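See structure below.
The values are calculated or read from the model by the stated rules, or taken from the named source; none is laboratory data. Everything numeric here is computed off the predicted structure, so don't read it as measured data. Note that each Cβ is placed from the backbone with ideal geometry, even for glycine, and that neighbours are counted across all protein chains shown. Surface accessibility is based on the protein's heavy atoms, side chains included, excluding ligands, DNA and RNA. Shrake-Rupley method; radii C 1.70, N 1.55, O 1.52, S 1.80 Å.
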Amino acid sequence: MGGPPYDCLANPLGAVRLTFEKAIWSESETPPIHPSAFNGKDWGALELFRHFLFQGSGLSQVPILNPKTLRWVQPNSLVRYRGMIQDMLGNEFYAGAYKDGNLWRTNKFMDVSQYPMGSSPDMCIWERRLLYCVPVPGQSSWTEPSSEMEPNWSSQTREKRRRMDDEDDDPMDLVPDDEIKSSPITKKMREDGLPSPSQSMDAKTTSSSSITSTFQSVDKDNLPCLVKIYDSPESELKLNDVFEFIGVLTFDSELAVEKDDNDDLSNSFYDDALVHLPPNKVPRLHCLIHRKLAVQDFLPGSPIIEPKPHLVKETREALFRHLTAVLGNDEVAAHFVLLHLLSKVHARVDDVAVGKLSLNLTGLNKESVSVFGTRLSDTFKNLLPFTNCMPLTLEYLNTASLAPKKDYQANRLVPGVLQLPEGSHLMVDETQLESGSLNSTGIENTKLLKNLIEFQKVEYDFQYYKVEMATDVQLLIFSEGKSNIVPADVIVPFQPSCLESTEIPVAEALEAWRWYLATVRSLPHSIGSEIQKVVEDDLVAARQTDRSLGSRDFSRWLTMARLISSSFGETSLSKEHWEMVKEMERLRRERLK
């Protein structure tokens, strides 16, 4: 006989409950398994959701949580949230399983207890991690999937959910710290000389009241999310990584926060800041499954296409023509911008970030930047998933918070402008910078920018010490002369021949260019023994001709060689492409004379 069907989309908590009961009352186990044997780990629920999402084509039915979908998505239903891990709030303890009469029940993936827990000593205290996630900084609008329409759940599904809701009420709230301290199980642990859950939690997380003040109101264009992680090692989720979290949404804009007067664990709502986050209301997502996202994952509806050379060459040529038009028919600048857009950090050798190619377009002033800078900014927003702009004025340098800083009073990592995920693009406009004095903040910000562009690292300020965090950000600088504040790998004097650019790419072309930029930058690369000998001979000859050339120049040439090969869809360097590197360098150096 089959049991009731699992409604993973509309009633995921029901599916969790049924799998829990099935695991407890396993036919092979008599008497039933004690929940402490699970120790908070998965008992089979995750496999059910994986099958629904990835084998049963259920992923496309799960709405992506954003300010628009939040208007109609149902609490306690299955949702997806895409965002960057901005802060890690530590761990929290919760009553994961408890006995209701003769029945064991679970509160995993929940915030509010389904049934009164009372003061029964039969309770399992489990642990989960808290991540504060935000939309990816500078995320382009084209990466956002269309999610205006509410899922068309069948009337049968809706009726089944109503029946389950009548049975289950609301899901469980987090057990507050002060309630844990005064609960019978905690008192018993203290009497036995064991550390209480609240004592362990105090060592890992901040007090509720201090965290509350740092969460900000949700605006219509920005939706943060408090993600609760189960069944995952810490090494899988890192600061600044971009993830898609799939789990149970708990959010109630009208939730009344009340505190019960008794000292026992109960079914009441409690004023716990980690969960309720006062009336500004950050939604909470109890994560069932998560996956790290790459740039390709933000290409809407694009099929996976093998980057075959002939297809790549056609796309490259079209994109190059477009960049040339945007840059006022300056083909040299267009070539370097194309390579710049394909650059990424492939490896790190000591302090060297191999693969980066920052670019400084010189010869620009306030007037020309208002034309060409705006064009490039619009172009990048149409092509790249994450783009950011920085107006480098004296006032900005002296006042901006570029590096994330630890606020120990709130126990939160206050975000900075340079807290960006891998694959981000940053345009720096230095044309508005005027003479003046830098204060201590300005001097520190200048050091941060130089450290970023040279080593692809950002120093996070923890007040008593600093931590260098590796990153991978493409930097493009506009300036009148060579930038001394943000010294780039390549300096190209900008020489447009016309101001007008009437080319407006069609949607199909934009989709092809996005796929091209996201795909070919990750191609492998090698240099054969024959071409390697040619390269070595050319480097020696270049050094003999110009003694000013050094290891940085040669390293840049090799990076350009890799990027040119990749731009044509090739995985090994050819003599033709090496000659292109030399010609591009010749044209660039002529402009520098």
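General remarks:
- Matching residues, the stretch 232-249, being at pLDDT below 90 and either open to solvent by 50 Å² or more (accessible area, probe 1.4 Å) or in contact with a Gly (Cβ under 8 Å, 6 or more places away or on another chain) (or both): Pro233, Glu234, Ser235, Glu236
- Hits in the stretch 563-583 (condition: within 30 Å of the chain's Cα centre (by Cα) and open to solvent by less than 60 Å² (accessible area, probe 1.4 Å)): Leu563, Ile564, Ser565, Ser566, Ser567, Phe568, Gly569, Glu570
- Within the stretch 543-562, being in contact (Cβ under 8 Å) with a residue 12 or more places away in the chain and either open to solvent by less than 40 Å² (accessible area, probe 1.4 Å) or more than 32 Å from the chain's Cα centre (by Cα) (or both) holds for Phe554, Arg556, Trp557, Thr559, Met560, Ala561.
- Selected residue (criterion: nearest to Met117 (Cα to Cα)) from residues of the stretch 50-79 that are within 19 Å of the chain's Cα centre (by Cα) and open to solvent by less than 30 Å² (accessible area, probe 1.4 Å): Val79
- On inspection, Leu517 fails the criterion of being touching a residue at least 12 places away in the same chain (Cβ under 8 Å) and touching a Gly at 6+ places or on another chain (Cβ under 8 Å).
- Being surrounded by fewer than 13 Cβ atoms within 10 Å (Cβ to Cβ), more than 22 Å from the chain's Cα centre (by Cα) and of a type in the set (A, V, I, L, M) is a property that Leu499 has.
- Scanning the stretch 82-103 for residues that are over 30 Å from Asn222 (Cα atoms) and either in contact with a Ser or Thr (Cβ under 7 Å, 6 or more places away or on another chain) or buried (at least 21 other Cβ atoms within 10 Å of the Cβ) (or both) gives Ala95, Gly96, Ala97, Tyr98, Lys99.
- Of the residues making up the stretch 6-20, those that are part of a loop (DSSP other than H, G, I, E, B) and of a type outside the set (A, V, I, L, M, F, W, C) are Tyr6, Asp7, Asn11.
- Scope the stretch 502-548; condition more than 29 Å from Leu384 (Cα to Cα) and of a type in the set (Lys, Arg); matching residues: Lys533, Arg543, Arg547
- Applying the condition of being open to solvent by 10 Å² or more (accessible area, probe 1.4 Å) and not in a loop (DSSP other than H, G, I, E, B) to the stretch 414-427 and asking which residue is modelled with the lowest pLDDT yields Val414.
- Of the criteria (1) out of contact with any helix residue (DSSP H, G or I) (no Cβ under 6 Å at 6 or more places or on another chain); (2) within 22 Å of Lys292 (Cβ to Cβ), which one Pro67 fails: (2)
- Answer residue from the stretch 502-528, given it is more than 30 Å from Leu452 (Cα to Cα) and among the aliphatic types (A, V, I, L, M) and is surrounded by the most Cβ atoms within 10 Å (Cβ to Cβ) among those: Ala512
- Output for the stretch 431-462, where each listed residue is modelled with pLDDT of 95 or more, outside any helix (DSSP H, G or I) and either out of contact with any helix residue (DSSP H, G or I) (no Cβ under 9 Å at 6 or more places or on another chain) or not assigned by the TED database to the domain that holds Leu361 (or both): Gln456, Tyr460
- Residues located in the stretch 88-126, provided they are closer than 30 Å to Cys225 by Cα, part of a loop (DSSP other than H, G, I, E, B) and among the charged types (D, E, K, R): Lys108, Asp111
- Among the numbered conditions (1) buried (at least 20 other Cβ atoms within 10 Å of the Cβ); (2) under 21 Å from Ala15 (Cα atoms); (3) modelled with pLDDT of 90 or more, the only one that Leu46 does not meet is (1).
- Any hit, the stretch 342-353, residues being part of a helix (DSSP H, G or I), surrounded by 17 or more Cβ atoms within 10 Å (Cβ to Cβ) and touching a residue at least 24 places away in the same chain (Cβ under 8 Å): yes
- Close pairs (9 angstrom Cβ cut-off, 6 or more residues apart or separate chains): within 19 Å of Glu480 (Cα to Cα) and without any contact (Cβ under 8 Å) to a residue 60 or more places away in the chain in the stretch 422-450, buried (at least 19 other Cβ atoms within 10 Å of the Cβ) and among the aromatic types (Phe, Trp, Tyr) anywhere: Met427/Phe380; Met427/Phe478; Val428/Phe478; Glu430/Phe478
- Checking each residue in the stretch 384-398 for being of a type in the set (S, T, N, Q) and free of Cβ contacts under 8 Å to residues at least 60 places away in the same chain picks out Thr393, Asn398.
- Residue selection: Asn360 satisfies the criterion of being in a strand (DSSP E or B) and in contact (Cβ under 8 Å) with a residue 24 or more places away in the chain.
- Residue count for the stretch 403-446, restricted to those that are within 14 Å of Val467 (Cα to Cα) and more than 16 Å from the chain's Cα centre (by Cα): 3
- Counting the residues of the stretch 298-341 that are open to solvent by 10 Å² or more (accessible area, probe 1.4 Å) and not in a helix (DSSP H, G or I) gives 11.
- Among the residues of the stretch 365-390, those identified as outside any helix (DSSP H, G or I) and surrounded by 15 or more Cβ atoms within 10 Å (Cβ to Cβ) are Leu384, Pro385, Phe386, Thr387, Asn388, Cys389, Met390.
- Residue within the stretch 391-401 that is assigned to a helix (DSSP H, G or I), touching a Pro at 6+ places or on another chain (Cβ under 8 Å), open to solvent by 20 Å² or more (accessible area, probe 1.4 Å) and polar (S, T, N, Q) present: no
- Selection status of Ile531, more than 28 Å from Asp87 (Cβ to Cβ) and either assigned by the TED database to the domain that holds Thr315 or open to solvent by 40 Å² or more (accessible area, probe 1.4 Å) (or both): no
- Looking only at residues of the stretch 507-530 that are in contact with a Ser or Thr (Cβ under 7 Å, 6 or more places away or on another chain), outside any loop (DSSP other than H, G, I, E, B) and among the hydrophobic types (A, V, I, L, M, F, W, C), we find that the one that is farthest from Leu342 (Cα to Cα) is Ala512.
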